[in-house]
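The values are calculated or read from the model by the stated rules, or taken from the named source; none is laboratory data. Quick caveat, the model's predicted, so the values are computed rather than measured. Counting neighbours? That spans all protein chains shown, and the Cβs are built from the backbone with ideal geometry, glycine included. Remember, those area values only see protein heavy atoms, side chains included, never the ligands or the DNA or RNA. Shrake-Rupley method; radii C 1.70, N 1.55, O 1.52, S 1.80 Å.
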Amino acid sequence: MTRQPTTHSTAATGPTSHIRGACPHDCPDTCALVTTVEGGVATKVQGNPDHPQTGGVLCAKVSRYPERTYHPERLLTPLKRVGPKGARQFEPVSWDAALTDIAARLTSIAARNPEAVLPYSYAGTMGLLQGESMDRRFFNRLGASQLDRTICSAAGGEGFVQTLGGKVGMKVEFFAESKLIIIWGSNSIGSNLHFWRHAQQAKRDGARLVCIDPRKSETAEKCHEHIALLPGTDAALALALMHELITHDWLDHAYIAQHTLGWAELKARALQWPPERAASICGVPVAQIKLLAHDYGQCLVTGQPAAIRLNYGMQRVRGGGNAARAVACLPALIGAWRHRAGGVLLSSSGMFPVDKHALQRPDLLALHHPGKSPRTINMSTIGNDLAADSSASFGPKIEALVVYNSNPVAVAPESGRVVQGFAREDLFTVVLEHFQTDTADYADYILPATTQLEHWDVHLSYGHTDVLLNRPAIAPQGEAKPNTQIFRELAARMGFRDACFSDSDETLCRAVYGSAVDFNGLLDKGFATLAWPDAPFAGGGFPTPSGKCEFFSARLAAQGLDGLPDHVPNFEVPGASSDYPLAMISPPARNFLNSTFVNVKSLRDIESEPVLEMHADDAAPRGITTGAVVRVFNQRGTYLVKAEVSGRARPGVVNGLGIWWRKSGLGGTNVNQLTSQHLTDLGRGPVFYDCLVEVCLAPAGA
Ligand SMILES: Nc1nc2c(c(=O)[nH]1)N[C@H]1C(S)=C(S)[C@@H](COP(=O)(O)OP(=O)(O)OC[C@H]3O[C@@H](n4cnc5c(=O)[nH]c(N)nc54)[C@H](O)[C@@H]3O)O[C@H]1N2
Ligand SMILES: Nc1nc2c(c(=O)[nH]1)N[C@H]1C(S)=C(S)[C@@H](COP(=O)(O)OP(=O)(O)OC[C@H]3O[C@@H](n4cnc5c(=O)[nH]c(N)nc54)[C@H](O)[C@@H]3O)O[C@H]1N2
Ligand SMILES: [Mo]
């Protein structure tokens, strides 16, 4: 936690101002920022002390914002490729030349079939303007392929939609009043710092904290109990907890009868999961499962609130959707929802009344391409999809990619395949970026984008219930432009005449929430709190079709899927006979945000270099010691990295902390060289943590 923001060294003179903004990063905390501007230069970025969710405190990463913004490697002009694909040979060109050529190329591809053009974006900025407005309008108007944005939260999100009816749950501030907090699949200290403050408050007031995570993370070591289960076994654990609640009758029968659906079926399923069965699958002691069930059940007996902070770490495996479903059922069993400090929170994003239609204008598609419904490409299988030829089932070969707010060459699974796709000489690739990322290396054109300090935006949060506004604090650096402006200008050059392409950023800001949020209040204060009830499901009222917590999902059953949650084993389950006996997970390094900040020196200095954490039991027989360069490999590829023999790893599981840029790795690859393009049981998400590998000492000089 950093209270003292770094000061940018540029000598600045002139008037000083303090500009209110919002952190743009893909993180549940969505902090309110105050940027100090001296003589036109941003010298400090601090947490807004007036915003209760931020409490004046930022993480180490975002307090380095000036360092990132004024980084000597910031892209400041449009660049055009002049060498072979991926050779990193570019020359500066004018905006006019770049946009004119890009428009001509896209127009000629779209004239044959607009679905040959694919946008590729994720949450490099979570801003609703810079990530979900003009860009979406542009591709809807063009009739381009749609992108299924699954890379992060699709499986868990779908699990919650099927069970609770949406990405809804407890208000984060009430965790401070809980008496039992289960932190499930999350390293909160690293990735959800402002939640951790509430957990600390609860701990001081006598709450018990339990962490469920294969890795002994910074968070796990500060909880009273750490359940270090094998990756992908969370549903088995949740079902065994249900088994114990049932057999001890730690059940809120009235809540179950009134506010749930499918109890008899769920009960029969859970009774197949005695703790002994789960313990052998999860690789944890039976006693630990019984103790957790006891603690959870006692909250019902004593009338104390029990809360679960689920995060996305546990859904990046084949059965991730089912696991999220199983966990989402637990609070109803003990009536935890009756308390405002009880229940579960995975994501609060479903609580925000964003007017997506006004922002994205899907009607442009119907207007300009009547009767057409473009195919959808899953961003998590981009490696395979870039290799696919035209066919009746796939549609046209992908001929053009427009990438923004994402770094797929580093973050998408099976990056060997992703690189092959991006290296296609016949693929026309445009990348909107701040930096020359691994993805930008493969571009035909790189267009310099503004950062959060340089543009307008409006935000939701997936960890709290406040809307935030971001005002620009400084002028755009070099010739950088906001994504909104780049798509506006591209639309004009493509001859798109629809009036919505002239909307200013301020008009877009007002459109995000329409009349649901008082925009003048937002301009005034920088944030606004949603009217979400304190104990939203105390009396039922879940946003499911039945209005109940759906243990049994008729919607899933109608798709031919299991209507009940179950343990779905990983695609890659470790076994003694396997060529690849170790499970690898790749959770984020604390001082990076996915692959963002990897090039910010002060943060990279803290992380030092890519490492693979290994338990001594796995390292010793392989002759591996801390600092040794090891080869991590499987049928998909090889990753060279330094080993760290560490108590953070459990036996049988290695932790390859991410997400480094490939070019900063020893052998020019990163962990995603090893991950697969398989998809989750629900939501079509990636399975980054469902991955077997072998590790050996690398030959000297490797
Ligand atoms: N500092 C930092 N903060 C971040 C991010 C970052 O990269 N760095 N990323 C942001 C993003 S994009 C997201 S989606 C959010 C969400 O955050 P998450 O993606 O949930 O990331 P973590 O909090 O690291 O939690 C993942 C935890 O799950 C554990 N885990 C792995 N496999 C399993 C499993 O099978 N079961 C269980 N129970 N646990 C498992 C990992 O060891 C890790 O500690 O965080 C955001 N915040
Ligand atoms: N092995 C492994 N892989 C993973 C994960 C994992 O845990 N393990 N986590 C996955 C998860 S949860 C996620 S969310 C994805 C994240 O993957 P991405 O969404 O691709 O996130 P980043 O790697 O942070 O890349 C975001 C890029 O957007 C750029 N950017 C930021 N703001 C702007 C802007 O305003 N305009 C433009 N044009 N560009 C901007 C940044 O410079 C950065 O390069 O990675 C996934 N990949
Ligand atoms: Mo994510």
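Once the Cα atoms of helix 193-204 and of the chain are each reduced to a long axis, what angle between those two axes, in degrees from 0 to 90 to the nearest 10, is obtained?
Long axis of 193-204 versus the principal axis of the chain: about 20 degrees.
For labels at Ala700 and Ala616 in the simple 7 Å Cα→Cβ model, what's the distance in nm?
Each label point lies 7 Å from its Cα, and together they span 2.8 nm.
Limiting things to C-alpha atoms, what are the Rg and the maximum Cα-Cα separation (Dmax) for the range 521-569, in angstroms?
When restricted to Cα atoms, the range 521-569 yields Rg and Dmax of 17.8, 51 Å.
In whole percent, what relative contact order does the chain give with Cα contacts below 8 Å and a gap of six or more residues?
20
What is the packing order of peptides 438-449, 648-659, taking the mean over residues of other C-beta atoms within 10 Å and listing the highest first?
Averaged packing, sorted descending, gives the order 438-449, 648-659.
When only Cα pairs under 8 Å and 6 or more residues apart are kept, what is the percent relative contact order across the range 155-346?
Computed value for the range 155-346: 34 percent relative contact order.
I'd like the carbon and sulfur percentage of the solvent accessible area for the chain, probe radius 1.4 Å, heavy atoms only, ligands and nucleic acids excluded.
52
With a/c under 1.5 counting as rounded, go ahead and sort the range 155-346 into rounded, prolate or oblate using the C-alpha gyration tensor (a ≥ b ≥ c being the square roots of the eigenvalues; past the cut-off, prolate if a/b is larger than b/c, else oblate).
Verdict is rounded for the range 155-346.
Assuming a ≥ b ≥ c are the square roots of the Cα gyration tensor eigenvalues, decide whether the range 582-697 counts as rounded (a/c under 1.5), prolate (otherwise, with a/b larger than b/c) or oblate.
oblate
Just how much of Glu91 is accessible, in Å², when a 1.4 Å probe is used and the result is rounded to the nearest 10?
Its heavy atoms expose roughly 90 Å² to the probe.
Using just the helices of the chain, give the 222 nm mean residue ellipticity in deg cm²/dmol: DSSP H runs with n ≥ 4 each add -39,500 (n - 2.57), and the total is spread over all residues, rounded to 500.
-8000 deg cm²/dmol
Hey, what angle do you get for helix 483-493 against the long axis of the chain, alpha-carbon based, 0 to 90 degrees rounded to 10?
The answer is roughly 50 degrees.
Go through Leu697, Leu147 and list them by solvent-accessible area, largest first, probe radius 1.4 Å.
Most to least solvent-accessible, the answer reads Leu697, Leu147.
So what's the angle, to the nearest 10 degrees on a 0 to 90 scale, between helix 154-163 and the longest Cα principal axis of the chain?
50
Taking the highest mean first, how do the peptides 551-558, 611-618, 345-352 order by number of other beta carbon atoms within 10 angstrom per residue?
The packing order, highest mean first, is 345-352, 611-618, 551-558.
Which entries of Lys179/Lys216; Lys61/Lys222; Lys85/Lys372; Lys167/Lys397; Lys397/Lys663 show an alpha-carbon separation above 24 angstrom in the structure shown?
Table pairs above 24 Å Cα-Cα are Lys85/Lys372; Lys167/Lys397; Lys397/Lys663.
I want the antiparallel fraction of DSSP beta bridges within the range 582-697, as a percent rounded to 5.
Around 65 percent of the beta bridges assigned by DSSP in the range 582-697 are antiparallel ones.
Ordered by packing density, taken as the mean number of other Cβ atoms within 10 Å over each peptide's residues, highest first, how do 364-375, 227-238, 165-176, 283-294 rank?
227-238, 165-176, 283-294, 364-375
With a point put 7 Å past each Cα toward its Cβ, work out how far Asp579 is from His248 in nm, to one decimal.
4.6
Which FRET efficiency, nearest 0.05, do Asp50 and Glu506 yield, Cβ-Cβ r, R0 22 Å?
Computed FRET efficiency for Asp50 and Glu506 comes out at 0.45.
Contact order normalised by length for the range 582-697, with contacts defined as Cα pairs under 8 Å and 6 or more residues apart; what percent is it?
36
Please state the shape class of the range 38-157: rounded when a/c is under 1.5, otherwise prolate if a/b exceeds b/c and oblate if not, all from the C-alpha gyration tensor.
Because a/c hits 1.5 or more and a/b fails to exceed b/c, the range 38-157 counts as oblate.
Suppose each label sits 7 Å from its Cα in the direction of the beta carbon; what would the Ala268-Val286 distance come out to in nanometres?
The answer from the label model is 2.7 nm.
As an exercise, identify the chymotrypsin sites (Phe, Trp or Tyr not before Pro) in the range 367-423 lying in DSSP coil whose Cβ has no more than 16 other Cβ atoms within 10 Å.
The qualifying sites are Phe394.
Please give the contour-minus-distance gain from Lys372 to Glu218: 0.36 nm per residue of separation, less the Cα-Cα distance, rounded to one decimal in nm.
Gain on stretching Lys372 to Glu218: 50.4 nm.
Using a 4.7 Å Cβ cut-off, which Cys residues in the chain lack a partner cysteine?
Here Cys27, Cys59, Cys152, Cys282, Cys299, Cys329, Cys500, Cys509, Cys549, Cys691, Cys696 come out as lacking a disulfide-compatible partner, given the Cβ-Cβ threshold of under 4.7 Å.
Per residue, how many Å² of accessible area does the chain show with a 1.4 Å probe?
Each residue of the chain exposes 34 Å² on average to a 1.4 Å probe.
Stretched out fully, how many nm does the piece from Thr625 to Ala257 gain, at 0.36 nm a residue minus the Cα gap?
126.9 nm
Cβ under 12 Å from Gly232's Cβ, Gly232 left aside: what net charge do those residues give with Lys, Arg +1 and Asp, Glu -1?
-2
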